[in-house]
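The values are calculated or read from the model by the stated rules, or taken from the named source; none is laboratory data. Computed from a predicted model, the values in this text were never measured in an experiment. Heads up, the Cβs are rebuilt from the backbone with ideal geometry, glycines too, and the neighbour counts pull from every protein chain shown. Calculation scope for accessible area: heavy atoms of the full protein, side chains included, ligands and nucleic acids excluded. Shrake-Rupley method; radii C 1.70, N 1.55, O 1.52, S 1.80 Å.
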Amino acid sequence: MDIEAEPSGGGRAVPAEWTVMESALGPLFLAATERGLVRVEFHADAARRERMLDRLAGQLGTEPVERALGLLAGAIRGLDRYFAGEPGDIDVPLDWSLTAGFNRQVLRELADGVPYGTVVGYGELARRVGQPGAAQAVGAAMGSNPLPVVVPCHRVVESDGGLGGFGGGLETKRRLLALEGVLPAPLF
């Protein structure tokens, strides 16, 4: 389920809540507005969490509160199921307000058109959004994804079979693809 919204900043303040949940990849920072899940961040140690809270306050026009509004319950349940190995995408409302334009178009196509357990090339994703020469721009859109795992940028790979880049680190990308059965599980 998607919520269309324009990027924040200059509009009315959007109430938000946040938490850090433990996952198979370590701590994940999650934030949600009344519209839906708005931010996921890997490796959410204390310093990264503080940077995310400062950035979100500026983007949303209000200071997010720690898990006080009940907005994250569905996302936490979905992520827990995902990391427990239950096949399927994480189906929660999404607030797209932290992305716009070409990046939003690419990320929406990724969310809607690349299901669990599959991968797509950067060039193919560019073709799907009507920009066949924009593979590098697709890579930039993946790097700007405010909702990794839920909007599965880890499923975008190079056409020659290479993993490509990943904001959460290549080991994180390998582990997510192994969890979905695309790659063999690491030996250690």
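Determine whether Gly181 is surrounded by fewer than 20 Cβ atoms within 10 Å (Cβ to Cβ) and either within 17 Å of the chain's Cα centre (by Cα) or under 19 Å from Asp112 (Cα atoms) (or both). So Gly181 fails the test.
Just the residues that are hydrophobic (A, V, I, L, M, F, W, C) and touching a residue at least 24 places away in the same chain (Cβ under 8 Å), please, taken from the stretch 15-31. Correct list: Ala16, Trp18, Val20, Met21, Ala24, Leu25, Leu28, Leu30, Ala31. Residues in the stretch 95-131 that are touching a strand residue (DSSP E or B) at 6+ places or on another chain (Cβ under 6 Å) and of a type in the set (Asp, Glu): 1 in all.
Of the set (1) at pLDDT 95 or above; (2) of a type in the set (S, T, N, Q); (3) open to solvent by 50 Å² or more (accessible area, probe 1.4 Å), all apply to Ser159 but (1). If we keep just the residues of the stretch 87-111 that are among the polar types (S, T, N, Q) and in a loop (DSSP other than H, G, I, E, B), which is surrounded by the fewest Cβ atoms within 10 Å (Cβ to Cβ)? Per the stated criteria, the residue is Thr99. Restricted to the stretch 112-151, and to residues there that are open to solvent by 30 Å² or more (accessible area, probe 1.4 Å) and under 11 Å from the mean Cα position of the chain (by Cα), the residue that is farthest from Leu72 (Cα to Cα) is Gly143.
Cβ-Cβ distance below 9 Å, separation of 6 or more or different chains: which pairs start in the stretch 39-57 with a residue that is surrounded by 13 or more Cβ atoms within 10 Å (Cβ to Cβ) and end on one that is of a type in the set (Ser, Thr, Tyr) and assigned to a helix (DSSP H, G or I)? Final answer for the pair search is Phe42/Thr172; His43/Thr172.
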